[in-house]
Amino acid sequence: MKRLFLLSLLFVSLASAAQTKRPIIGVSAAWSENDVRVPKSYTESVAKAGGIPMVIPITDDMELLRAQVAAVDAVIMTGGEDYDPLLFGQEPAQMLGEVIPERDSFDLAMIKIAVELGKPILGICRGLQGINIAFGGTLYQDIPSTYGKPYIQHRQSRAGKWGSHTIYIKAGSTLAKILGTNKTVVNSFHHQAIDRLAQGFTVTARAADGMVEAIEDPARKIIALQFHPEAMTKGGNEETLRIFQYFIECVAGK
């Protein structure tokens, strides 16, 4: 009965929102024991770019999750905690950070359902990492202790609205098309990163140390970024706003 009530509320609100003809973007929730929450920078970026943000709460009810993903036009997988290395066949490294199994299961299920239903996906930070894991890739659990090569700073101390290192973008990629350049400066808040790339994806940007900063798979309608464009967009960055605008325009068929 509770499930039917929640589904009824979902579809009533979506039917009302659909009258505006703005794409509805499902935003994956962050973890909380008692609340449904997501940083405002995600929802504000979607709204500023012309979409309607709809937070999708963490659940183990796959029927409900499928209904929620089916009801939106596209999804954004948000940033957050570390992924459990057991998900990609590794034992935990000493410097592994906080792991939330409930969120891991939810995020991976949401990614797979979105692809199955043909919904475009924008992955951000943890979102990129989850997309890679969902389709068979692996991660460096902790860049300082497992990367094995010289590396730049990937956990900046300055505010998220500021970029801290350069990324080099592959010519002809979706990201190059969006930004109109082959390099730009982005923010950085991660200590995990892609190691083995999942099959079917292309690396479209790297940092100076070779770290993967963006991937895409046009066939599965996926673009994913290791940096946080929503934080830079909230700070007034017009370049990162274009990422959200492009994503929403593609969803709208413009």
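All of the numbers you see were taken from the coordinates with simple rules; none came from a lab. These numbers were taken from a predicted model, which means no experiment stands behind them. Every residue, glycine as well, gets a Cβ built from its backbone with ideal geometry; the counts of neighbours run over all protein chains shown.
What the table below lists for this structure:
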quantity: Burial order of peptide ranges 128-138, 189-199, 27-37, 41-51 (average beta-carbon count within 10 Å, highest first); calculated: 128-138, 41-51, 189-199, 27-37
quantity: Volume per residue that the Cα convex hull of segment 2-252 spans, once the total is divided by residue count, Å³; calculated: 120 Å³
quantity: DSSP bridge pairs, the chain: antiparallel proportion in percent, nearest 5; calculated: 55 percent
quantity: Sites residue 196 and residue 102 - FRET efficiency at Förster radius 25 Å, r taken between beta-carbons, to 0.05; calculated: 0.45
quantity: At R0 = 25 Å, FRET efficiency that the Cβ-Cβ distance of residue 151 and residue 171 yields, to 0.05; calculated: 0.55
quantity: Under 5 Å, built H, 5+ apart or other chain: amide partners of residue 56; calculated: 27, 28, 29
quantity: Within segment 46-105, GluC sites (Glu not before Pro) in DSSP loop having at most 12 other beta-carbon neighbours inside 10 Å; calculated: 98
quantity: Gain in span if fully extended, residue 70 to residue 117, counting 0.36 nm per residue against the direct Cα distance; calculated: 16.2 nm
quantity: Aspartates and glutamates whose Cα lies under 15 Å from that of residue 119, excluding same-chain neighbours fewer than 8 positions away; calculated: 73, 107, 216, 217, 249
quantity: Electrostatic dipole magnitude of the chain [Cβ: Lys, Arg +1; Asp, Glu -1; Cα centre; debye, to 20]; calculated: 960 debye
quantity: 0 to 90° range, to nearest 10: angle between helix 62-71 axis and the chain longest Cα axis; calculated: 90 degrees
quantity: Per-residue ³J(HN,Hα) for segment 224-234, Karplus 6.51 cos²θ - 1.76 cosθ + 1.60, θ = phi - 60°, Hz, x for Gly and Pro; calculated: 9, 10, 7, 8, 10, x, 5, 5, 6, 5, 4
quantity: Cα-based helix-to-principal-axis angle, 238-252 vs the chain, degrees rounded to 10; calculated: 40 degrees
quantity: Residue 44/residue 21 FRET efficiency (R0 30 Å; Cβ-Cβ; nearest 0.05); calculated: 0.90
quantity: Ordering of 175-185, 231-241, 70-80 by burial proxy (mean other Cβ atoms within 10 Å per residue, highest first); calculated: 70-80, 231-241, 175-185
quantity: Segment 138-222 - charge dipole about Cα centre, Lys and Arg +1 at Cβ, Asp and Glu -1, debye rounded to 20; calculated: 220 debye
quantity: Within straight-line cross-link reach of residue 170, lysines at Cα separation under 21 Å, skipping those fewer than 8 residues along the same chain; calculated: 183, 221
quantity: Which of 252, 160, 223, positive extreme of dipole for the chain (C-beta unit charges); calculated: 252
quantity: Helix 2-18 vs. the chain, principal-axis angle (Cα, 0 to 90°, nearest 10); calculated: 80 degrees
quantity: Partner aspartates and glutamates for residue 234 [C-alpha distance under 14 Å; skip if fewer than 8 residues away on the same chain]; calculated: 44
